[in-house]
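For reference, the structure is listed below as C-alpha cells.
Where a number appears in this text, it was derived from the coordinates with a stated rule and is not lab data. All values derive from a computational prediction rather than experimental measurement. Reconstructed Cβ throughout: ideal geometry from the backbone, glycine too, with neighbour counts over all protein chains shown.
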Amino acid sequence: MTRMERVQERAFERRWAILAVLCFSLLVIVLDNSILNVAIPTLVDKLSASNSQVQWMVDSYTLVFAGLLLTAGSLGDRFGRRGALQVGFAVFGLGSAISAVATSAGQLIATRAVMGIGGAFIMPATLSIITNLFPPHERGRAIGAWAGVAGLGGALGPIAGGFLLEHFYWGSIFLVNLPVVVLGVIAGFFLIPTSKDATHSKLDPLGAVLSIGGLGALLYGIIQGPDAGWRDPTTVVALAAGAVLLAGFLAWERTTRHPMLDVSFFRNPRFSAASAAITLTFFAMFGSVFLLTQYLQFVLGYSPLTTGVRLLPFAGSIMIVAPASARVAERIGTKLTVTLGLVLVTAGLLSLTALRVDTTYAGLVWRLVLMSTGLGLTMAPATDSVMGSLPLAKAGVGSAVNDTTRQVGGALGVAVVGSILSSTYGSKVAGFFAGTQAPDGAREAARRSLGGALQVADRLRNARFPGAARLAGELARTAEQSFVDAMHRSVLGASVATAIGIVVALRFLPATAPPGHGHPGPGHPAEAAPTDAGGALILEPSADVDLEADPEPHGDLAPQPVP
C-alpha cells in the first residue's frame, strides 16, 4: 500500500469525527447570531445604545458575513479549505474577544463586523470539506447532520444567552465563543485534511470587488427597507446599486478567463432550482421566527429565556428530520422530498393564521413542529443538490453560493414579513388614537411596535387622571389584537413564497442526480485510480499536502479504503 493510499484510508476512517468537528464549528457561527437577540435590552442599558445602533449590532455581522461569502469560498478553493477554516477561527475569535470588552455601541458594531469576516471563512469551509470528504452515498446524510446542527444553533442561542445574562456579565455571550475557537483550531490541525482546487486557477480580484459591493449594497437595502421605508432614497439607491453591481459581476464572470463563480452552473436545473428552494425556505424560516419570538414574549407573556425553551421543539424537529431526510430522498427522490418539505412548511405557515391572543402553548407547539419538519426535509436534500451538481474542486464557491442564498433569503424574509407586519399593525394602532389627545411621542411609540405600545400602556396605568387604567387596558388589548391580525397577514405573505418554491421544485428540480454521479462505497471495488492530470485525490492531516479534487463535474472522488 502506497503512502497516498494509507493517507486516503486514514482520512476516510476518521470522516465522521471530522464531521463532528465541522458541525461544532458551524454551531458557534449560528449560535452567536441568535444569542445576541436576547441580549438587546441589556446592551441598550449597558452601552446606552439607540434603536438604530441596536439594529446595526445585529446587521453589521450579517452584512459583512454575506458580502464576503463568495470571495471567502473562492479563496478557500484556491489556497486550501482547512487554512480558510483556521483563518476564519482566528478572526472570529479576535472579534469575539474585543466584542466582550467593548465600551460603546459604536465599538460593538465594528467588532461584530470583524466577527462577520471570520464567519464568512468558516461557514463555506465546513460544507466544502464535507463535500470533498464523503462519498456520494454518504454525503447526503453528512450534509443532513450539518443542516440539523444549523437548525439547533438557532434555538439554542436564546437559551444560552438567557442563561449567561442571568449568571454573568453581558460580555460572556461573546467570550463563550473562545473555547470553541481554540478547540476548532487544534482539532482542525491534527484531524482535518487540507484540500484545494487542483487547477490552481488565478484569482479574480475584480469579481471579488463586484460581488462584495453588490451583495453588501443589496443586503443594506433589504435591512434598511422596513425601518427607513422602501421608497426612502437611501433604500432605493442601495438596492439599485446592489442590482447594478451584481449584474456587472455576472457579466464579468461570463467573460473572464478565470471566473470566481462559473455562471454556467446556473444553467444546471439541479443547482439553480435547489438554490431557489433554499432561498425561499430560509425566507419562510427567518420571517416566521421573527414573528413567533415577538408573539411568545409580547402576546403570550413569556420571558426571553422561556421563549427560547419553548422554541426547542422547532429546532429539535429540524435536528432530527434533517439527517433523516437523506434516507427519504434515497427512497422517493430529491424532487419529491424537497416538494414534500415545502408543502409542510406552507401548511405550517397557513396554520399560524389560526393563532389568537389567548392561544395556549399546546395550540402553538404542533404548528411549530409541522413547519420545522418541512424545513428539515427541504434544507439538507436541497443543499446536497447544490453541492452535488458542482465539480468537487469548486466546493468552496458552491458552499458560498449555498450560504449566500440562505443569508439573502433570511434577510428578505425578515424584511418583507417585517414590512407587512409593521404596515398592518401600525395602521390598526393608529386608529385607536384617532380623536384622542395622546402625545405624539406616545402615539409613535405605540404605532412602531407592540413592545412600544405595551410600554405606553404601562405608563398610562401609573398616570393620575380619570380613566387612565381603562385606557391602558384598551390600548394593550388593541395592540395585541392588532399584532396578531398583522401576523396573520404576514404569514400569508410568507406562504406565497413557499408555494412558489413548491412550483419551482416540481417543475425544475431533478428527481435524482444525473447518471454517472455515483461512486462505490466502502467494500465495493474501487474505480481506476485517477492520474495526477485528472486531479488525483490526496488527503493529508499535515499542512504541506493538498486534497486535489477532480475538476470534472462531479467526479465524486471521496476518500475510501483501498482493497
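Worth a mention:
- The length gained by stretching the chain between GLU444 and LEU203 to full extension, at 0.36 nm per residue less their Cα-Cα distance, is 81.7 nm.
- Positive-pole candidate from GLY161, VAL181, GLY95, dipole of region 1-197, charges at beta carbon: VAL181
- Peptide ranges 452-460, 371-379, 232-240 listed from the most packed, as the mean C-beta count within 10 angstrom indicates: 371-379, 452-460, 232-240
- Full extension of the chain between ARG327 and ALA228 yields a length gain of 31.1 nm, computed as 0.36 nm times the residue separation minus the alpha carbon distance.
- Of the trypsin sites (Lys or Arg not before Pro) found in region 139-243, the ones in coil according to DSSP and having at most 13 other Cβ atoms within 10 Å of their Cβ are LYS202, ARG231.
- Distance-filtered residues of region 287-315 - backbone nitrogen under 18 Å, label point 7 angstrom along TYR361 Cα→Cβ: 292-315
- Global geometry of region 94-210, whether rounded, prolate or oblate, following the gyration tensor of its Cα atoms and the 1.5 cut on a/c: oblate
- Computed over region 262-513, the percent of Cα pairs more than 35 Å apart is 26.
- Translational diffusion coefficient (Stokes-Einstein; Kirkwood radius from C-alpha pairs) of region 1-197 at 10 °C, 1.306 mPa s, in µm²/s: 92 µm²/s
- Given +1 at the Cβ of Lys and Arg, -1 at the Cβ of Asp and Glu and no other charges, the dipole of region 1-197 around its Cα centre is 540 debye to the nearest 20.
- Multiplying the residue separation of GLN107 and VAL44 by 0.36 nm and removing their Cα-Cα distance gives an extension gain of 21.3 nm.
- Cα-centre dipole for region 222-344 with unit charges at Cβ (Lys and Arg positive, Asp and Glu negative), debye to 20: 420 debye
- Assigned charges on the beta-carbon of Lys, Arg, Asp, Glu; region 100-249 dipole about Cα centre (debye): 220 debye
- Put a dot 7 Å past the Cα of ALA240, heading toward its Cβ, do the same for ARG470, and the two dots end up 5.3 nm apart.
- Per-pair calculated FRET efficiency, R0 = 41 Å: LEU183 and SER264 via Cβ, rounded to 0.05: 0.55
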